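One structure coming up, written as structure tokens, with questions to follow.
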Amino acid sequence: MSEKYFAHETAVIDESCQIGNMTKIWHFSHIMSNSIIGEKCNLGQNVVVSPDVVLGNNVKVQNNVSIYTGVICEDDVFLGPSMVFTNVINPRSAINRKNEYLKTVIKKGASIGANATIVCGNDIGEYAFIGAGSVVTKTVKPFALVVGNPSRQIGWVSEYGHRLEFDGKGKAVCKESGQGYEIKENKVKRIS
């Protein structure tokens, strides 16, 4: 374990975890065995990181989030307050399904809003934006803006999280960064 991260005195960190430099772990959080947490992460209060979870660098986890086994968050992911992951499609109290955990990958730069639910096995693409309270039941494309229950795509966003408006030639510009984007065959990519 690194000695260069901060953990509040009420946080519990199990053995065999890897925690990167400059990461902060706040009140009443529990980091379970074999978890890997990158550098410059911030885990709010009452966060649970289950065994074998992987968080990249600069991941922001707000209060009251449980990240279950099978979840991988790449760099720069934002997990909003009280959002929820699942890890089994058909949980039953009397049936042990730990061998049925489904992998869920949250790609670089994606944001998940407060109280959203991500049903396991559905990956979230790079820089996608999941609106507050959404229930994601299928894979989300890179740069997609999705809302609702069940969630549906209503548009596209830039790396800075602003809604993109494409012109007749399939081009758009982020109003904050000035970065250009292109849409082709219902896929968005950043262009120079």
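From the phi of every residue in the stretch 139-149, what ³J(HN,Hα) in whole Hz does the Karplus formula 6.51 cos²θ - 1.76 cosθ + 1.60 yield, where θ is phi - 60° and glycine or proline is x?
For the stretch 139-149, the Karplus-derived couplings read 4, 10, 6, x, 6, 6, 10, 10, 9, x, 9 Hz, x marking Gly and Pro.
Here's another thing I want to ask about it. Could you pull out which residues in the stretch 100-124 have an amide N less than 12 Å from a spot 7 Å beyond the Cα of Ala132, following the Cα-Cβ vector?
Answer for this model: 113-116.
So, in Å, what gap is there between the alpha-carbon centers of the stretch 76-148 and the stretch 34-62?
Each part reduced to its Cα centre gives a spacing of 15 Å.
Once the whole set of protein chains is in place, how much accessible area is left on Tyr5, using a 1.4 Å probe, in Å² to the nearest 10?
Tyr5 has an accessible surface of roughly 50 Å² with all protein chains in place.
Would you mind calculating the gained length between Lys169 and Leu102 on full extension (0.36 nm times residue separation, minus the Cα-Cα distance), in nm to one decimal?
My answer for the length gained is 20.2 nm.
Which entries in Lys60/Lys184; Lys24/Lys103; Lys98/Lys189; Lys138/Lys184; Lys4/Lys141 show an alpha-carbon gap greater than 27 Å?
Cα-Cα > 27 Å for Lys60/Lys184; Lys98/Lys189; Lys4/Lys141; rest within.
Another one. Between Ile36 and Ser177, what length comes free when the chain is fully extended (0.36 nm per residue of separation minus the Cα-Cα distance, one decimal in nm)?
Roughly 47.6 nm would be gained on extension.
Determine the shape class of the stretch 3-59: with a ≥ b ≥ c the square roots of the Cα gyration tensor eigenvalues, call it rounded for a/c under 1.5, and otherwise prolate if a/b is greater than b/c, oblate otherwise.
Note, shape of the stretch 3-59 comes out rounded.
Positive end of the dipole of the chain, charges at C-beta (+1 Lys, Arg; -1 Asp, Glu), about the Cα centre: which of Gly56, Gln179, Phe166 has its Cα farthest in that direction?
Phe166
Take the solvent-accessible surface of the protein heavy atoms, probe 1.4 Å, and return the percent of it on the stretch 40-192 that carbon and sulfur atoms account for.
Heavy-atom surface of the stretch 40-192 belonging to carbon and sulfur, 1.4 Å probe: 48 percent.
Trp26 accessible area, nearest 10 Å², 1.4 Å probe?
80
Which of Gly109, Ile154, Ser33 sits closest to the plus end of the dipole of the chain, meaning its Cα is farthest towards the positive end, when Lys and Arg get +1 and Asp and Glu get -1 on the C-beta?
Ile154
Also, quick follow-up: Per 0.36 nm of contour for each residue apart, how much would the distance between His8 and Ser192 grow if the chain were fully extended, relative to their Cα-Cα spacing?
62.0 nm
Rounded to the nearest 20 Debye, what is the dipole magnitude of the stretch 35-186 about its Cα centre when Lys and Arg each give +1 and Asp and Glu each give -1 at the C-beta?
For this selection, approximately 400 debye.
Can you give the longest run of the chain that contains no trypsin sites (Lys or Arg not before Pro) sitting in a DSSP loop with at most 11 other Cβ atoms inside 10 Å?
The longest uninterrupted stretch comes out as 5-168.
Suppose we flag GluC sites (Glu not before Pro) only when DSSP calls them loop and at most 16 other Cβ atoms lie within 10 Å. Which is the longest uninterrupted stretch of the chain?
Longest stretch, sites excluded: 16-164.
Next question, about the same structure. Taking the solvent-accessible surface of protein heavy atoms with a 1.4 Å probe, what is the per residue accessible area of the chain in Å²?
53
Then there's this: For the full complex of protein chains and a 1.4 angstrom probe, list Val84, Val65 by accessible area with the highest value first.
Val84, Val65
Now for a different question. Enter the per residue convex hull volume of the stretch 106-192, computed from alpha-carbon coordinates, in Å³ rounded to the nearest integer.
88
The values are calculated or read from the model by the stated rules, or taken from the named source; none is laboratory data. Predicted model only: the values in this text are computed from it and were never measured. Every residue, glycine as well, gets a Cβ built from its backbone with ideal geometry; the counts of neighbours run over all protein chains shown. These accessible areas exclude ligands, DNA and RNA; they are computed on the full protein's heavy atoms, side chains included. Shrake-Rupley method; radii C 1.70, N 1.55, O 1.52, S 1.80 Å.
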